[in-house]
Amino acid sequence: MAKVTVLDHPLINVKMTILRDVATPPQQFRQVLHEVAGLMSADAFLHIKTQACRVTTPLEETDGAMLAEHQPCLVSILRAGNGLTDALLNIMPEAAVGHLGMERDAETHQARAYYEKLPQKIDKRQVILVDPMLATGGSAIMAADQLKSHGVTDITFIVLVAAPEGIAAFHAKHPDIDIITAALDRELNEDCYILPGLGDAGDRIYDT
Ligand code: PRP
Ligand code: URA
């Protein structure tokens, strides 16, 4: 059964407070989002496969580790996913990067897929799926469906703010995918926004 890890880290909690604050301008929002992603990266990459190698220090030869042959892939759910993905890519620059375009309809709240670009041999790679918001779960479910249709079997989902409704819906469809989130919020409102949340993540990042 899939796990939900809610990161309880004092520095993440301080930075999440800045992200939630309606007065935080986009420039600062992007900067702090990068900082949170850096703090989340240790958990996000905990399961990455490595292989043994040898390394020569200035004093002697010793055991080391290197990434396994098929390097991991970060998959960003556009467009808000890019803010987190770029920061995770800074930590693991060897990763390939895929993009899945998903947009929620303002009236129905249903996700619509509008773009897909994935690296070669995606089925052989470990995928870290990235989206700051998990609200109804519609976008993430569709993204995971798309990845699995390409043969991907190893997916971890990295989220900034998750709603209980979204976690339940996502794990009902994808019980094999672990979720790591910086915050687990209370509920959705009637417009399917997360409460207390941080508003529309894409709008906060890109000032739209
Ligand atoms: C936001 C967010 C998620 C989605 C979450 O994207 O980045 O992808 O909503 O909602 P859900 O769980 O109910 O599907 P949005 O559709 O606003 O697109 P954007 O990133 O282009 O702003
Ligand atoms: N998408 C967002 O960006 N924020 C929410 O609260 C819900 C969906």
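State which residue is farthest from ligand 2 (Cβ to nearest atom) when the search covers only segment 143-181 and only residues that are in a helix (DSSP H, G or I), free of Cβ contacts under 8 Å to residues at least 60 places away in the same chain and crowded, with 21+ Cβ neighbours inside 10 Å.
Taking the candidates together, the pick is A144.
Within segment 52-78, which residues are assigned to a loop (DSSP other than H, G, I, E, B) and of a type in the set (A, V, I, L, M, F, W, C)?
Quick first cut of segment 52-78, residues assigned to a loop (DSSP other than H, G, I, E, B) only: 57-60, 68-72.
If the condition is that a residue be assigned to a loop (DSSP other than H, G, I, E, B) and of a type in the set (A, V, I, L, M, F, W, C), then L59, A68 are the ones that fit.
Considering every residue within segment 27-40, establish whether at least one is in contact with a helix residue (DSSP H, G or I) (Cβ under 8 Å, 6 or more places away or on another chain), touching a residue at least 60 places away in the same chain (Cβ under 8 Å) and farther than 20 Å from T156 by Cα.
Scanning segment 27-40, I find at least one residue that is in contact with a helix residue (DSSP H, G or I) (Cβ under 8 Å, 6 or more places away or on another chain), touching a residue at least 60 places away in the same chain (Cβ under 8 Å) and farther than 20 Å from T156 by Cα, so the answer is yes.
Would it be correct to say that K117 is under 29 Å from D8 (Cα atoms) and either more than 16 Å from the chain's Cα centre (by Cα) or in contact (Cβ under 8 Å) with a residue 24 or more places away in the chain (or both)?
No; evaluated as a whole, the condition is false for this residue.
Could you look through segment 79-108, keep only residues that are outside any helix (DSSP H, G or I) and crowded, with 21+ Cβ neighbours inside 10 Å, and pick out the one that is nearest to the chain's Cα centre (by Cα)?
Among them, the one singled out is A80.
Which one of these is among the β-branched types (V, I, T), modelled with pLDDT of 95 or more and farther than 24 Å from A183 by Cβ: V97, V75, V127? Even if it seems obvious, please write down each step before you answer.
Details: V75 fails: farther than 24 Å from A183 by Cβ; V127 fails: farther than 24 Å from A183 by Cβ.
Selected residue: V97, the only one of V97, V75, V127 that is among the β-branched types (V, I, T), modelled with pLDDT of 95 or more and farther than 24 Å from A183 by Cβ.
Kindly indicate whether I141 is under 17 Å from the mean Cα position of the chain (by Cα) and under 18 Å from A37 (Cβ atoms). Let's see the steps before the verdict.
Details: under 17 Å from the mean Cα position of the chain (by Cα): yes; under 18 Å from A37 (Cβ atoms): no.
No.
Does A111 count as closer than 18 Å to K148 by Cβ and surrounded by 17 or more Cβ atoms within 10 Å (Cβ to Cβ)?
Criteria met by A111.
For residues that are out of contact with any Leu (no Cβ under 8 Å at 6 or more places or on another chain) and of a type outside the set (A, V, I, L, M, F, W, C), scanning just segment 82-102, find the one that is farthest from L134 (Cα to Cα).
Top of the filtered list is P93.
Restrict the check to segment 38-51 and report whether at least one residue is exposed (fewer than 13 other Cβ atoms within 10 Å of the Cβ) and part of a strand (DSSP E or B).
Yes, some residue in segment 38-51 is exposed (fewer than 13 other Cβ atoms within 10 Å of the Cβ) and part of a strand (DSSP E or B).
Check P93, P119 and return the single one that is under 28 Å from Q31 (Cα atoms), more than 9 Å from ligand 1 (Cβ to nearest atom) and in contact with a Lys or Arg (Cβ under 8 Å, 6 or more places away or on another chain).
P119
The values are calculated or read from the model by the stated rules, or taken from the named source; none is laboratory data. These figures come from a predicted structure and were not determined experimentally. Counting neighbours? That spans all protein chains shown, and the Cβs are built from the backbone with ideal geometry, glycine included.
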